[in-house]
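Just so it is clear, none of the values below were taken in a lab; they were calculated from the coordinates. Quick caveat, the model's predicted, so the values are computed rather than measured. Because the Cβ atoms are built from the backbone with ideal geometry, glycine has one as well, and the counts that use them run over all protein chains shown.
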Amino acid sequence: MKKVYLETFGCQMNVSDSERAASSLESEGYEIISDENSADIVLFNTCSVREKAEHKLYSKVGKIRSAQNLKKPLIGVLGCVAQLEGETLFQKNQGIDFVLGTRAVGRISNAIKNVLSGHQQFVDLGEREDDHDWTVSETQRNSPYVGFVPIIEGCNKFCTYCIVPFSRGREKSLSAVQIIQQVIDLRRKGIKEVHLIGQNVNSYRPKSEAGLEKFKGATAFSRLLRAIAATGLERIKFTTSFPRDFHTDIVDAINENDNLCNWVHLPVQSGSNDVLRAMRRGHTIESYLEKIDKIRSSPRTISLTTDFIVGFPNETEWDFQETLKLVEYCQFDSSYVFKYSPRPGTPAFQMIDNVSEKEKAKRFLEFEKIQKIYQQITLQSYVNKTVDVLVEKFSSKNPRQLSGHTTCHKVVNFESNFESNKELLGKIIKIKVTKSKSNTLYGNIL
Ligand code: SAM
Ligand code: SF4
């Protein structure tokens, strides 16, 4: 039996693709292992959103090839770097045996068979089959209690800095009937929380409305949310939302359904309209704030998270101060901040990357300092409150502690005096929060 080690970089879409690749290999008789040194086949599912992520791949391949162990595994590159680079990857890195694009994940075992039967430097960048199998085996799921359900693939937005429309292709919404059926199956298998995933979930536009007819809603996405809520699954989260397509009816759907969770991830990227225009985001600060106000006016406390890029070409100190003002106004629960990374092939790559590395680093740190203050204030506001936590695992830092998420997607760690803590796994329980640290809440079972 061939042993396969599969490592994933990047977003939840890659995690979900890896779950399916591993499931398909397992069903073909491969053993999926967690020690790369004993593997016959090493797979890297890659990310190309920033240059750093790409470098990680090359250093990983180099490390395996220079290792002095006896095994010389086959190395396959999957995902976004594979899709963009295709066969040029073989010239860039001699250690790679095969390359499989973002839509060829379902043909992973075919790729391996080809290479094992002597087809050197095998490449598959073809489209996904329309009737592709989305099944994920229970052993290969990232979590036994949380399931990722892709609802839309690709992106049509072409923000000037972003490689995703090139690496993942155009938007393709999956059938609502299939998505709903998948959620029902997951629920039957004991999954308590699903994450509906896609680069822009709220741009969801299926070819047919089959499965959604009974549900009200201003957009196909809010109708889908109501349809998924009607399955009775305990928790439904969705990410990522695109500001221009964020119809406020999404907030109404959340308000009407307890199992739609208290969390919206709505990346804004910059607080300056000049920068947003240069990024071709299709939204302004004013239109973004209208949506934020609607989210904040919900009777539920909806947690709000976002993404920012600092140091985009021509971003001035004034633009950056506008970003900080936005952070102060919105008081995001948390935020991912990235230093602008020029990506070959994108329109922004033609602009001069004229904010120095030193200035990018300075803005990055200043941003983090301010954001952390608001993050702390928000986390602190949960102290002495009771939250519902889906218990997902033992804490990695302290095995006596269990760890899970709230409906507003905060991590909560707690100790328990139960005889068998294992029995709490997969349950949603009440935790009284006693303290907060930089990214985590701590508490006790009520
Ligand atoms: N579709 C989502 C949206 O537009 O809101 C975001 C998906 S993107 C893969 C995730 C994040 O990566 C973006 O929100 C952006 O902050 C960051 N990102 C994308 N391209 C980048 C680049 N060239 N340099 C730095 N950060 C980048
Ligand atoms: Fe990239 Fe913009 Fe598409 Fe998001 S919406 S994936 S940032 S091009």
Inset, instruction - Answer rounded, prolate or oblate for region 14-106, using the Cα gyration tensor with square roots of eigenvalues a ≥ b ≥ c: rounded when a/c is under 1.5, else prolate when a/b is larger than b/c, else oblate. - result: oblate
Inset, instruction - Place a +1 charge on the Cβ of each Lys and Arg in the chain and a -1 charge on the Cβ of each Asp and Glu, then give the dipole magnitude about the Cα centre in debye, rounded to the nearest 20. - result: 740 debye
Legend entry - Candidates L116, L196, L233, ranked by Gaussian network fluctuation over the chain, Cα under 10 Å, top entry: L116
Inset, instruction - Name the residue, out of N421, N142, N200, whose mean-square fluctuation peaks in a Gaussian network model built on the chain with Cα pairs under 10 Å. - result: N421
Legend entry - Most fluctuating residue given options Q371, Q140, Q94, as computed from a GNM of the chain linking Cα atoms under 10 Å: Q94
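What net charge do the residues around V164 carry, taking every other residue with its C-beta under 10 Å from that of V164, with Lys and Arg at +1 and Asp and Glu at -1? Mind dumping the intermediate values first?
Details: positive: K157, R168, R343; negative: none.
Here the count lands on +3.
Can you compute the helix-only [θ] at 222 nm over the chain? Use -39500 (n - 2.57) per DSSP H run of at least 4 residues, normalise by all residues, nearest 500 deg cm²/dmol. Let's see the in-between values first.
Values: 13 runs with 146 residues, N = 446.
That comes out to -10000 deg cm²/dmol.
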Legend entry - Dipole magnitude of region 154-277, debye to nearest 20 (Cβ charges: Lys/Arg +1, Asp/Glu -1, about Cα centre): 380 debye
Legend entry - Cross-link table K63/K113; K157/K360; K192/K339; K3/K430; K2/K189, entries beyond 32 Å C-alpha to C-alpha: K192/K339; K3/K430
Inset, instruction - Using the number of other C-beta atoms within 10 angstrom as an exposure proxy, rank M279, M351, M1 with the fewest first. - result: M1, M351, M279
Legend entry - Rounded to the nearest 20 debye, dipole of region 220-325 from Cβ charges on Lys, Arg, Asp, Glu: 320 debye
Inset, instruction - Describe numerically, in nm with one decimal, the distance between label points set 7 Å from Cα along Cα→Cβ at E286 and at R187. - result: 4.3 nm
Legend entry - DSSP bridge orientation in region 61-179 - percent antiparallel, rounded to nearest 5: 25 percent
Inset, instruction - Using Cα positions and a limit of under 14 Å, work out the aspartates and glutamates in reach of K207, with same-chain residues fewer than 8 apart set aside. - result: D130, E153, E171
Legend entry - Among N259, V310, N444 the positive-end extreme of the charge dipole of the chain (Cβ point charges): N444
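What longest range of the chain stays clear of loop-exposed GluC sites (Glu not before Pro) (DSSP non-H/G/I/E/B, at most 16 other C-beta within 10 angstrom)? Write out the running numbers ahead of the final one.
Working: sites that count: E28, E87, E127, E129, E209, E213, E419.
Result for the longest clean stretch: 214-418.
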Legend entry - Cys with no candidate disulfide partner in the chain (beta-carbon separation under 4.7 Å rule): C11, C47, C80, C155, C261, C330, C408
Legend entry - Cα centroid separation - region 311-372 against region 88-118, whole Å: 36 Å
Inset, instruction - Towards the positive end of the charge dipole of the chain, with charges on Cβ (+1 Lys, Arg; -1 Asp, Glu), say which of A361, V275, P165 has the farthest Cα. - result: A361
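Between S34 and L116, what length in nm is gained on full extension when 0.36 nm per residue of separation is reduced by their alpha carbon distance?
Computed gain between S34 and L116 is 27.4 nm.
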